[in-house]
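Quick notes on the structure that follows.
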Amino acid sequence: MSNREWKKLLKWSNSTPWSATDPIPEDPDKQEYRRAYLLGKNLKERYGALQRGSVPVGDDATRFRYFVWELCEISFRDQLLTLDRMADITYPNPRPDTTRAQYTLSVESHRQERMALILQCFPDTSLKVVDGGLARVGLASEKWDIRYEKVFSLALVMETWPRQKPEIWSSNVQHSMAHPGNPLRRDWERSVALFYAQSCYDLLRRPACIPRALYDGTMADISFVFNSPQSN
């Protein structure tokens, strides 16, 4: 799916339905709308009944946007957990001077510590079930003081991943980013996002799933990678 088709999917609506049997329009823009609509319809029919989060009451198109947002959010959380298990260089290795029981205990303790660290990236305590009320908080928040805490937590998770870290990640510099007037905060936030995206491609060989935001029931094609100019 192209980026243009993805944006059209996020604006999915029943107001201009397309049928798979309709002639394919000649207009390339209408072709993209048709493909996006048919994909959205297929997703809704196949997975809509499995939606587990809390979705605000609204028309069918609004509910579908929350459904797509939920898929994006769960995919991002699951991917982050998978990447950390693959990339974390502090994961315990077996040693000749430890028993199997000691090693198992060490691994379990390490996993719990990493899980606690990863959960700090989100405003709730679950990686598998998300609520529609979270669609504009945490990494999706428009407010910098809220978003900063979660971006900083993500940077902390990735500190133990391979690849050289950007110079802007030095601890003193990162703490100074909390101030909304810091002129480097966008560069720092972008460096965190790009490091995550590149790590995903290096390890999983596919583009990264990224968090999305919903504003008044409308899916926004922004994320912590490319923040809205109005973010504060």
Which ones in the range 65-106 are polar (S, T, N, Q) and assigned to a helix (DSSP H, G or I)? SER75, GLN79, THR82, GLN102, THR104, SER106
Just to be sure I understand the filter: pairs with C-beta atoms under 6 Å, separated by 6 or more residues or on different chains, first member in the range 127-141 and farther than 14 Å from CYS72 by Cα and modelled with pLDDT under 75, second member among the β-branched types (Val, Ile, Thr) and crowded, with 21+ Cβ neighbours inside 10 Å. Which pairs pass? none
Step by step: first the residues of the range 163-179, then only those that are of a type outside the set (Gly, Ala, Ser), exposed (fewer than 13 other Cβ atoms within 10 Å of the Cβ) and on the phi < 0 side of the Ramachandran plot, then the one that is modelled with the highest pLDDT. Which residue is that? GLN164
If we scan the range 77-91, do we find a residue that is over 18 Å from the mean Cα position of the chain (by Cα), crowded, with 18+ Cβ neighbours inside 10 Å, modelled with pLDDT of 80 or more and not aliphatic (A, V, I, L, M)? yes
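The values are calculated or read from the model by the stated rules, or taken from the named source; none is laboratory data. None of the values given here were measured: they were computed from a predicted structure. Reconstructed Cβ throughout: ideal geometry from the backbone, glycine too, with neighbour counts over all protein chains shown.
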